[in-house]
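Reading through the structure tokens given below for one structure.
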Amino acid sequence: MEILGMTLFYLGMLGSIAGGLWFLFEAFSENILWGLGCLLLPFVSLFFLVMHWNKAGRPFLLQIASIAPIVAGIFLGFSPS
């Protein structure tokens, strides 16, 4: 079970990282100030998400969906320490 938990955990982390990078790519493709703001300032990502849902919605939902395998991996016995 621990190997399954580890696999789910790392797949979830990979999805979360991919979603975050995709989100930053969309912010930078909109405008360099959006990208820098999302990268460096708190809450700018939230404003970008609300104002540009058509571009940023899918990467955001990928990050949210990645929480499930991470939690499942932890419950299956993998402890990332």
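The values are calculated or read from the model by the stated rules, or taken from the named source; none is laboratory data. Computed from a predicted structure; not experimentally measured. FYI the Cβ positions are ideal-geometry reconstructions off the backbone, even for glycines, and counts take in every protein chain you see. We work out accessible area using only protein heavy atoms, side chains counted, and drop any ligands, DNA or RNA first. Shrake-Rupley method; radii C 1.70, N 1.55, O 1.52, S 1.80 Å.
Tabulated data for the structure shown
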{"item": "Column: log10 I(q)/I(0), Debye, Cα scatterers of the chain, q = 0.27 Å⁻¹", "result": "-1.11"}
{"item": "Gained length - residue 53 relative to residue 32, 0.36 nm times residue gap less alpha-carbon distance", "result": "5.8 nm"}
{"item": "Around residue 39: net Lys/Arg minus Asp/Glu count, Cβ-Cβ under 15 Å", "result": "-2"}
{"item": "Net +/- balance of residues flanking residue 52 in space, Cβ distance below 13 Å, scoring K and R +1, D and E -1", "result": "0"}
{"item": "The chain, helix-only ellipticity at 222 nm - DSSP H runs n ≥ 4, -39,500 (n - 2.57), divided by all residues, nearest 500", "result": "-27000 deg cm²/dmol"}
{"item": "Residue of 47, 25, 60 that the Gaussian network model of the chain assigns the largest fluctuation, springs spanning Cα pairs under 10 Å", "result": "47"}
{"item": "The chain: most fluctuating residue of 22, 34, 53 per GNM, C-alpha cutoff 10 Å", "result": "53"}
{"item": "Simple spin-label estimate for residue 10 and residue 61 in nanometres, 7 Å along Cα-Cβ", "result": "2.9 nm"}
{"item": "Per residue, in Å², the accessible surface of the chain once ligands and nucleic acids are set aside, probe 1.4 Å", "result": "68 Å²"}
{"item": "Degrees, to the nearest 10: 53-65 long Cα axis against longest axis of the chain", "result": "20 degrees"}
{"item": "Length added when fully stretched, residue 18-residue 72, from 0.36 nm per residue minus Cα-Cα", "result": "17.5 nm"}
